[in-house]
Amino acid sequence: MPDELDQLQGFPKGWTDTGMSDIQRAFCMGNALIVGIPHHIGEVIARRTAEED
């Protein structure tokens with residue numbers, strides 16, 4: 001299940017596989033940001049800023 005949690009958050013499978021327990025891995029993913037959403041927001045802001053110039 002931790003590998004699936006990694007992937008749901010947008011990280012590659014095994015991202016948190018550093019020797020931690022499954023509970024610790026799940027905790028890390030529960031506190032992680034979904035990387036795709038902030039990235040998309042940044043792209044929209046950059047595009048709109050460029051359009052204003």
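The values are calculated or read from the model by the stated rules, or taken from the named source; none is laboratory data. What you are looking at is a predicted structure, and each value in this text was computed from that prediction instead of being measured. Neighbour counts are summed over all protein chains in view; Cβ atoms, including those assigned to glycine, are modelled from backbone coordinates with ideal geometry.
Per-structure values
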item	result
First in the range 28-40 and within 12 Å of Leu5 (Cβ to Cβ), second anywhere and assigned to a loop (DSSP other than H, G, I, E, B), Cβ under 7 Å, 6 or more apart	Cys28/Thr16; Met29/Gln9; Met29/Thr16; Ala32/Gln9; Ile34/Gln9; Ile34/Gly10
Condition met for Gly10 (surrounded by 10 or more Cβ atoms within 10 Å (Cβ to Cβ), among the small types (Gly, Ala, Ser) and not in a helix (DSSP H, G or I))	yes
From Phe27, Phe11, residue being among the aromatic types (Phe, Trp, Tyr) and either over 18 Å from the mean Cα position of the chain (by Cα) or at pLDDT 90 or above (or both)	Phe27
Output for the range 13-42, where each listed residue is hydrophobic (A, V, I, L, M, F, W, C) and assigned to a helix (DSSP H, G or I)	Ile23, Ala26, Phe27, Cys28, Met29, Ile37, Ile41
